[in-house]
Amino acid sequence: MESRLIDNTIAYVKEVFATDFSGHDYFHTMRVYKMATKLALQEHADVQMVQLAALLHDVDDRKLSPETCVNKDRAVTFMQSQNLSEVTIEEIKEMIGEVSFAGTDSVVPKTLEGKCVQDADRLDALGAMGIARAFAYGGNHNRIMYDPEIKPILHMDKEEYENHVSTTVNHFYEKLFLLKDMMNTESAKVIAKHRERYMKEYIDEFMDEWEGLK
Ligand code: ADP
Ligand code: NI
């Protein structure tokens, strides 16, 4: 299933993320790539387009590369170096632009391929992986784990969500527990359900231990 183009793209993202500490690491990208490939096969989407967008989805991320995030300059420059057509480059650019969670401003991707990539990225924020990533992010940003006095804020739009500072446990309510119902493909819905159940059990345990009940 792997082509020369995909091999080159994997090598490129490995290089881009070699120096990144924001949590948008190479291994997140590879998990999204593998999950997106699986979804693409199950959903009968164009596998190569899905793989390319999955691999490049975070190279121009707002937190990692704020100066290139609007025009996706890194992804575009890389694709040009691979002699991809203008049409393909535009399609991939559009798919990458649709991926991110943005509170109530989140978009539903226009194409089946975009849906597979968005679902794969969101699945990596759920389950055991999602729990680990949330606490890693919280530690990295000096957030406290939990404070019962600070309540989660729901229904935030893009700007509110991006500027909001909260506890890591609140992040579960402000984003992670919203993702299951935002999945696009039937294949991802099944996986999201399982991962969310696992996360909810984890939070229940966390709260019991917080109160010294267990
Ligand atoms: P992605 O679109 O790749 O999921 P994000 O930048 O939204 O990227 O988040 C990267 C990871 O960090 C995700 O697993 C996400 O849940 C987690 N994360 C983002 N914001 C917070 C936060 N405020 N507290 C805890 N974890 C967070
Ligand atoms: Ni991502």
Note to self: Can you find, within segment 23-35, the residue that is modelled with the lowest pLDDT among those that are open to solvent by less than 30 Å² (accessible area, probe 1.4 Å) and in contact with a Leu (Cβ under 9 Å, 6 or more places away or on another chain)?
What the structure shows: His24
Note to self: Here's a check for you: in segment 126-162, which residue that is loosely packed, with under 13 Cβ neighbours inside 10 Å and within 16 Å of ligand 2 (Cβ to nearest atom) is farthest from the chain's Cα centre (by Cα)?
What the structure shows: Asn140
Notebook entry, point to check: Among the candidates Lys115, Lys193, which residue alone is open to solvent by less than 60 Å² (accessible area, probe 1.4 Å), part of a helix (DSSP H, G or I), within 22 Å of Leu39 (Cα to Cα) and charged (D, E, K, R)?
Noted result: Lys115
Next item on the list: Please give the number of the condition Asp121 fails out of (1) more than 10 Å from ligand 1 (Cβ to nearest atom); (2) under 18 Å from Thr185 (Cβ atoms); (3) touching a residue at least 24 places away in the same chain (Cβ under 8 Å); (4) among the charged types (D, E, K, R).
Entry: (1)
Check: Which residue, of Asp204, Asp208, Asp181, is of a type outside the set (Val, Ile, Thr), under 25 Å from Met35 (Cβ atoms), part of a helix (DSSP H, G or I) and free of Cβ contacts under 8 Å to residues at least 24 places away in the same chain?
Finding: Asp181
Check: Does any residue of segment 76-95 turn out to be in a helix (DSSP H, G or I), at positive phi and open to solvent by less than 60 Å² (accessible area, probe 1.4 Å)?
Finding: no
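So, of the residues in segment 163-180 that are open to solvent by 60 Å² or more (accessible area, probe 1.4 Å) and of a type outside the set (S, T, N, Q), which turns out to be nearest to ligand 2 (Cβ to nearest atom)?
Initial filter on segment 163-180 (open to solvent by 60 Å² or more (accessible area, probe 1.4 Å)): 163, 165, 173, 178.
Next, from what is left, pick out any that are of a type outside the set (S, T, N, Q): 165, 173, 178.
On the way: Val165: 21, Tyr173: 20, Leu178: 16 Å.
Here the residue is Leu178.
Just for segment 53-107: of the residues that are β-branched (Val, Ile, Thr) and over 20 Å from the mean Cα position of the chain (by Cα), which one is farthest from ligand 2 (Cβ to nearest atom)?
Narrowing segment 53-107 to residues β-branched (Val, Ile, Thr): 59, 68, 70, 76-77, 87-89, 92, 96, 99, 104, 107.
In the following step, the residues that additionally are over 20 Å from the mean Cα position of the chain (by Cα) were identified as 77, 87-89.
Numbers: Thr77: 20, Val87: 25, Thr88: 21, Ile89: 20 Å.
Filtering segment 53-107 for residues that are β-branched (Val, Ile, Thr) and over 20 Å from the mean Cα position of the chain (by Cα), the one farthest from ligand 2 (Cβ to nearest atom) comes out as Val87.
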Check: Here are some conditions: (1) assigned to a loop (DSSP other than H, G, I, E, B); (2) under 22 Å from Ser3 (Cα atoms); (3) in contact (Cβ under 8 Å) with a residue 40 or more places away in the chain. Ala54 meets all but one. Which one does it not meet?
Finding: (1)
Next item on the list: Have a look at Lys110, Lys38 and point out the one that is away from ligand 1 (no atom under 16 Å from the Cβ), outside any helix (DSSP H, G or I), of a type in the set (D, E, K, R) and surrounded by fewer than 19 Cβ atoms within 10 Å (Cβ to Cβ).
Entry: Lys110
Next item on the list: Check whether at least one residue in segment 51-59 is open to solvent by 20 Å² or more (accessible area, probe 1.4 Å) and either modelled with pLDDT of 95 or more or of a type in the set (Asp, Glu) (or both), and report yes or no.
Entry: no
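The values are calculated or read from the model by the stated rules, or taken from the named source; none is laboratory data. Since the structure is predicted, the reported quantities are computational estimates derived from the model, not experimental observations. Positions of Cβ are backbone-derived with ideal geometry, glycine not excepted, and every protein chain shown enters the neighbour counts. Surface accessibility is based on the protein's heavy atoms, side chains included, excluding ligands, DNA and RNA. Shrake-Rupley method; radii C 1.70, N 1.55, O 1.52, S 1.80 Å.
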